[in-house]
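The values are calculated or read from the model by the stated rules, or taken from the named source; none is laboratory data. None of these values were measured; they are calculated from a predicted model. Cβ: placed from backbone, ideal geometry, glycine included. Neighbour counts: every protein chain shown.
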Amino acid sequence: MAGSILGNRVLRKEDPKFLTTGGVYVDDMQSEPLLHGAAHVTFVRSQLAHAIINGIDVSAALEAPGVIAVHTAATLNLLPEASSYNPGVARTLLASDRVRYVGEPVAVIVTEQANQGEDAADLVVIDYEPLEVLVDLEQAMASTTLLYPAAGSNVAVDSTVWGMPDVTGDDFFSDCDVVVKGRFVNQRLAPCPLEVRGSAVAWVDGRLYQWISTQHAQGVRDQINKSDASSNVRVMTPDVGGGFGAKISAYPEEIVLGRVAQAVGRPLRWRETRSESMLSLGHGRAQLQYVTIGGTRDGKVLAYRLEAIQDSGAFVDVGAVLAPACTRPMSSGVYAIPRIECRTKSVVTNTTPIVAYRGAGRPEATAAIERAMDMFAAEIGMDAAEVRRKNLIPRFMEPHTTAIGQAYDVGDYEVALDKVLDASKYSELRTEQATRRQRGDRHQLGIGVSVYVEITSGGTNHEDARIEVLPDGRAIVYTGTSPHGQGHVTAWSMIASEHTGIPMDKIDVVWGDTDIIPDGLGTYGSRSLQLGGAAVHQTAQKLVELARSVAASMLEAAEADVVLDTSRGAFHVAGTPAVAVTWAELATRRAAEGGLAISDRFTSGGATFPFGAHVAVVEVDTETGKVTHLKQVACDDAGTVLNPLLLEGQIHGGIAQGSAQALLEEFVYDEDGNPKTGNLAEYAFISAVEAPRIELVPMETPTPRNPLGAKGVGESGTIGSTPAVQSAVVDAVSHLGVRHIDMPTTPERVWRAINQ
Amino acid sequence: MKVSITINGTTQSHDVEPRTLLVHYIREHAHLTGTNIGCDTSSCGACTVHLDGEAVKSCTILAAQADGGTVTTIEGLTKNGEMHPMQKAFMENHGLQCGYCTPGMVMAAIGLLNENPKPSEEEVRLGLEGNLCRCTGYHNIVKSVLAAANK
């Protein structure tokens, strides 16, 4: 028997294509026959943040070269569609009576050539009546100007309305020797997948066919069918150039595309520009946090309060519910805090709507508690690692429920902390820091520690898979997940090969076509391996049992006597390996009976809770405020590892995005709601120069909630790294009296903090 | 206007609008879609190709400026079915995830080693500053380039 392939550093099957011809992203589908003769779509977008629309004049645009049609909500008969989370918040897919953020689509232009639309868009005249612009969250809460008058308030989602307890008064901290308060801005970020949004549509025999760059084809199908029941849409997913949560759901531009194609009677292609994407692809984070933490002088935390005000942007999308659904339950972090209370309010503003972005509600929870722990430690003069150790939930291998009411699966936090402290040579770093401080060096060293736990696969607990063996011996794995960089082709092939003995290079993986895979929940929330991978695992086991019964009849033997030799992918009677039937022979035998295939659904025992610890090392130039992120040492426990190569890749990328939030990136509006970072020349997208050196320390604590023992790893690198890096910056200048610097810790902010 | 460009060893002539960028020429006239477009401010480097042996962002020059020139794109790197050492290094070191920045990143990395065959890690990072990646955190990209340099 060959050894198991699972747990090995298997190179990706996906790579040769990406490296030699490039992927086929939606904009690359030049030879698709159904898109032959496609016209091109350009959206006319609002240039005001908040205004009543009194009229839209498209006459000049209609005369522009190459223009086939110009449509608005009125000409397409679009009706208001309500948010899933607040029925009073409703909008048409193209703005009709009012615009609520700069970049909101108002009209759509169809042209023969791609480059003609932008010229024509300038000729659409929109008669605006400006309204008060609400960019600031607290101003929006207090204002009598309502973005959605029918909702009755700019607070669109409130955790107390969801039945969660409110926060109380000062008595909550009455037994605490020390109480520290903080106001933290978890700033707005642009997700920035390298591939912007794109989609193409064609009507085929009365049905809509839509190709789209998405993380979840089946969800997009349901959205489009809900908006236009007559479309009976088939959604197909080409290669997707990154998503990071921002491509989970379809956007108005994508949902309306089918109706535009119907109106003009042509297939259509749409691809936004990066500058459009910066304004109209959903943003992430954008949470204002008021924290209060109290405890004893010797470092024991007794009570913690988090009041989170979530910016929802100009609509109530999923970003509005992440605060009550993800931030609140994870507010305790890794700590055994006897009393916790948390209230969240999500507020509409005249800014780009907030959606999920890598971590989606959990980085905000972790940042709040970790920053609070640091400020508590600073107040009592205790080391950042020590105060954490003193409050960690002790190792547990049965579910542990925190004071806020969230149950975690398994945890071993102190070991993770010890591992990163050892690997980073923490005490030596502290010595070096003390030396630099004593010398009064211009470049000071900062050391940040975070210990975190997060929730993966929180919203879903099942996934589908189908495995089919073809008469030539090849196998096809159909999955409900939807890879866009994670390496599912390799990972699912490893799992299927492990059980069947069919070589990895004879296994294909198919996803993202709703006619072929009607049931699927896509890829987000770090759910894929623990659910989709587990579904492949379970389905492969059942396929082997089916094959065994077919083999038994072919070999004229009892099923119990038939064994699978996975080293050569053949079944034989135990003891007589010379007489065997192969997968190809079994599939051929079954060809008349619907083939050799199994479809199955895996249902897990619940969400999983990856955890870990990070140490960030930064250098701060005390004269200029410039921060250099020297190193990140990370121990991320995602349970049993299927392929360390893929796991490390996820953590590396996560750490860079965490470092980016802590140090560089912020999406900024002026007070009139005009974006100040609306392209990649202005938005501080992290590059190879700023990204840190990374050292990973392995740790595997399997979860009992799925047969692979796997927890999610797609987001934990971001969740663990962000607070450690921010903390390191504050730590570098803490001897100068600094207690807190909001993210991103730009040179100006650091300089001001030092010189205040 | 007519432009004639040798792409991946084949000379092609097309009538193009004077404002056509080289990247649009490559994608829409030569139908080579491996070269990607990631921004509109020449910030991301996804469209990096080689023009007369030098790595350039193909969104920063007009097709007309490349008239008579020689262009190599990601599709032109493989020789007799063998990947270029840089392509192999990216595969062996997991230097790519979603693949979107990859063609430009590989072309930029080859350009970097052409100018500096034995770069330090610092020099690799500086050399790739104009090529953005959202997936890898650059860690394995830097590792890939250093591995290719040491072959």
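So which residues in region A:7-25 are within 13 Å of chain B (Cβ to nearest Cβ) and either among the polar types (S, T, N, Q) or more than 19 Å from B:E75 (Cβ to Cβ) (or both)?
Start the filter on region A:7-25 by keeping residues that are within 13 Å of chain B (Cβ to nearest Cβ), which leaves A:9-25.
Within region A:7-25, A:R9, A:V10, A:L11, A:R12, A:K13, A:T20, A:T21 qualify.
Tally the residues that are buried (at least 24 other Cβ atoms within 10 Å of the Cβ) and closer than 30 Å to A:A49 by Cα, restricting the search to region A:676-720.
Of the residues in region A:676-720, 1 are buried (at least 24 other Cβ atoms within 10 Å of the Cβ) and closer than 30 Å to A:A49 by Cα.
Which residue out of A:A384, A:A378 is in contact with a Gly (Cβ under 8 Å, 6 or more places away or on another chain) and hydrophobic (A, V, I, L, M, F, W, C)? Show your work before the answer.
On the way: A:A378 fails: in contact with a Gly (Cβ under 8 Å, 6 or more places away or on another chain).
None of the other options fit; the residue is A:A384.
Checking B:D40 against (1) of a type outside the set (K, R); (2) more than 7 Å from chain A (Cβ to nearest Cβ); (3) surrounded by fewer than 24 Cβ atoms within 10 Å (Cβ to Cβ): exactly one of these is not met. Which one?
(2)
Could you run through region B:9-29 and say how many residues are within 12 Å of chain A (Cβ to nearest Cβ), farther than 21 Å from A:D239 by Cα and outside any strand (DSSP E or B)?
Number of matching residues: 5.
B:N80 is checked against (1) more than 10 Å from chain A (Cβ to nearest Cβ); (2) closer than 20 Å to A:T21 by Cβ; (3) at pLDDT 95 or above and fails just one. What number does that condition carry?
(3)
In region A:678-729, which residues are of a type outside the set (K, R), more than 14 Å from every other protein chain (Cβ to nearest Cβ) and touching a helix residue (DSSP H, G or I) at 6+ places or on another chain (Cβ under 7 Å)?
Step one: list which residues in region A:678-729 are of a type outside the set (K, R), which gives A:678-692, A:694-704, A:706-710, A:712-729.
Cutting the leftovers down to more than 14 Å from every other protein chain (Cβ to nearest Cβ) gives us A:697-704, A:706-710, A:712, A:719, A:723-724, A:726-729.
Result: A:V697, A:M699, A:N706, A:P707, A:L708, A:A710, A:G712, A:I719, A:P723, A:Q726, A:S727, A:V729.
Which is under 29 Å from B:E17 (Cα atoms), of a type in the set (V, I, T) and facing another protein chain (nearest Cβ under 9 Å), of B:T60, B:T73? Give the derivation first.
Working: B:T60 fails: facing another protein chain (nearest Cβ under 9 Å).
Step by step, each of B:T60, B:T73 is checked, and only B:T73 is under 29 Å from B:E17 (Cα atoms), of a type in the set (V, I, T) and facing another protein chain (nearest Cβ under 9 Å).
Regarding B:G45, is this residue out of contact with any Phe, Trp or Tyr (no Cβ under 8 Å at 6 or more places or on another chain), facing chain A (nearest Cβ under 8 Å) and modelled with pLDDT of 95 or more? Lay out the reasoning, then the answer.
Working: out of contact with any Phe, Trp or Tyr (no Cβ under 8 Å at 6 or more places or on another chain): yes; facing chain A (nearest Cβ under 8 Å): no; modelled with pLDDT of 95 or more: yes.
No.
Pairs, please: C-beta under 6 Å, at least 6 apart or cross-chain, first residue modelled with pLDDT of 95 or more and in region A:167-179, second assigned to a loop (DSSP other than H, G, I, E, B)?
Every condition considered, the pairs that remain are A:D177/A:T296; A:D177/A:R297.
Of (1) in contact (Cβ under 8 Å) with a residue 60 or more places away in the chain; (2) surrounded by 18 or more Cβ atoms within 10 Å (Cβ to Cβ); (3) among the charged types (D, E, K, R), B:K151 satisfies all except one. Which?
Result: B:K151 passes all but (2).
Sort out which residues of region A:710-745 are assigned to a loop (DSSP other than H, G, I, E, B) and over 17 Å from A:Q657 (Cβ atoms), and write them in order of number.
A:K711, A:V733, A:G737, A:V738, A:R739, A:H740, A:I741, A:D742
Within the bounds of region A:112-135, is there any residue that is at pLDDT below 95, over 15 Å from A:G313 (Cα atoms) and among the hydrophobic types (A, V, I, L, M, F, W, C)?
yes
Within region A:359-386, how many residues are under 23 Å from A:V185 (Cβ atoms), part of a helix (DSSP H, G or I) and not acidic (D, E)? Spell out how you get there, then give the answer.
Taking region A:359-386 first, the residues under 23 Å from A:V185 (Cβ atoms) are A:359-379, A:384.
Then keep just the ones that are part of a helix (DSSP H, G or I); that gives A:362-379, A:384.
Next cut, not acidic (D, E) only: A:362-363, A:365-369, A:371-373, A:375-378, A:384.
Qualifying residue count for the region: 15.
With the checklist (1) at the interface with chain A (Cβ under 7 Å from one of its Cβ atoms); (2) buried (at least 24 other Cβ atoms within 10 Å of the Cβ); (3) assigned to a loop (DSSP other than H, G, I, E, B) in hand, flag the one item B:N131 doesn't pass.
With (1) at the interface with chain A (Cβ under 7 Å from one of its Cβ atoms); (2) buried (at least 24 other Cβ atoms within 10 Å of the Cβ); (3) assigned to a loop (DSSP other than H, G, I, E, B) applied to B:N131, the lone miss is (1).
Of all strands (runs of 3 or more DSSP E) completely enclosed by region A:246-346, which ones contain at least 2 residues that are surrounded by fewer than 21 Cβ atoms within 10 Å (Cβ to Cβ)? It would help to see each step written out before you state the result.
On the way: elements: A:268-271, A:284-295, A:301-313.
By residue number, A:284-295, A:301-313.
Evaluate the following for A:R183: is it of a type outside the set (A, V, I, L, M, F, W, C), surrounded by fewer than 24 Cβ atoms within 10 Å (Cβ to Cβ) and under 30 Å from A:A261 (Cα atoms)?
Details: of a type outside the set (A, V, I, L, M, F, W, C): yes; surrounded by fewer than 24 Cβ atoms within 10 Å (Cβ to Cβ): yes; under 30 Å from A:A261 (Cα atoms): no.
Answer is no for this residue.
The conditions are (1) touching a Gly at 6+ places or on another chain (Cβ under 9 Å); (2) surrounded by fewer than 24 Cβ atoms within 10 Å (Cβ to Cβ); (3) among the small types (G, A, S), and A:A638 fails exactly one of them. Which is it?
(2)
Would you be able to tell me the number of residues in region B:58-99 that are under 22 Å from A:L646 (Cα atoms) and part of a helix (DSSP H, G or I)?
The total comes to 8.
Among residues belonging to region B:100-118 that are within 13 Å of the chain's Cα centre (by Cα) and not in a helix (DSSP H, G or I), point out the one that is farthest from the other protein chains (Cβ to nearest Cβ).
Looking at the filtered set, the residue picked out is B:C101.
Given region A:570-689, what strands (runs of 3 or more DSSP E) lie entirely inside it while holding 2 or more residues that are at pLDDT 95 or above and of a type in the set (V, I, T)? Explain how you work it out, then say what you get.
On the way: elements: A:570-573, A:580-582, A:596-603, A:611-621, A:627-637.
Output list reads A:580-582, A:596-603, A:611-621, A:627-637.
Collect the residues in region A:199-214 that are in a strand (DSSP E or B) and either more than 26 Å from A:A356 (Cα to Cα) or outside the structural domain of A:A261 (by TED's automatic domain parsing) (or both), keeping them in residue-number order. Please lay out each step first, then the result.
Keep residues of region A:199-214 that are in a strand (DSSP E or B), which gives A:199-204, A:207-212.
If the condition is that a residue be in a strand (DSSP E or B) and either more than 26 Å from A:A356 (Cα to Cα) or outside the structural domain of A:A261 (by TED's automatic domain parsing) (or both), then A:A202, A:W203, A:V204, A:R207, A:L208, A:Y209 are the ones that fit.
Looking at A:G37, is it out of contact with any His (no Cβ under 8 Å at 6 or more places or on another chain) and farther than 30 Å from A:A229 by Cα? Give the steps one after another, and end with the answer.
Values: out of contact with any His (no Cβ under 8 Å at 6 or more places or on another chain): yes; farther than 30 Å from A:A229 by Cα: no.
Spelling it out, it is not the case that A:G37 is out of contact with any His (no Cβ under 8 Å at 6 or more places or on another chain) and farther than 30 Å from A:A229 by Cα.
Can you list residue pairs whose Cβ atoms sit under 8 Å apart, with the first residue in region A:229-250 being away from every other protein chain (no Cβ under 11 Å) and free of Cβ contacts under 8 Å to residues at least 40 places away in the same chain and the second being of a type in the set (A, V, I, L, M) and buried (at least 24 other Cβ atoms within 10 Å of the Cβ)? Count only pairs 6 or more apart in sequence or on different chains.
As it stands, the answer is A:S231/A:I224; A:A250/A:I212; A:A250/A:V220; A:A250/A:I224, since those pairs meet every condition given.
Restricting to region B:88-99, what's the tally of residues that are touching a residue at least 12 places away in the same chain (Cβ under 8 Å) and within 8 Å of chain A (Cβ to nearest Cβ)?
Count: 6.
Residues of region A:690-709 being of a type in the set (V, I, T) and assigned to a loop (DSSP other than H, G, I, E, B), which ones? Working first, answer last.
First pass over region A:690-709, keeping only residues of a type in the set (V, I, T): A:694, A:697, A:701, A:703.
Those that are of a type in the set (V, I, T) and assigned to a loop (DSSP other than H, G, I, E, B): A:V697, A:T701, A:T703.
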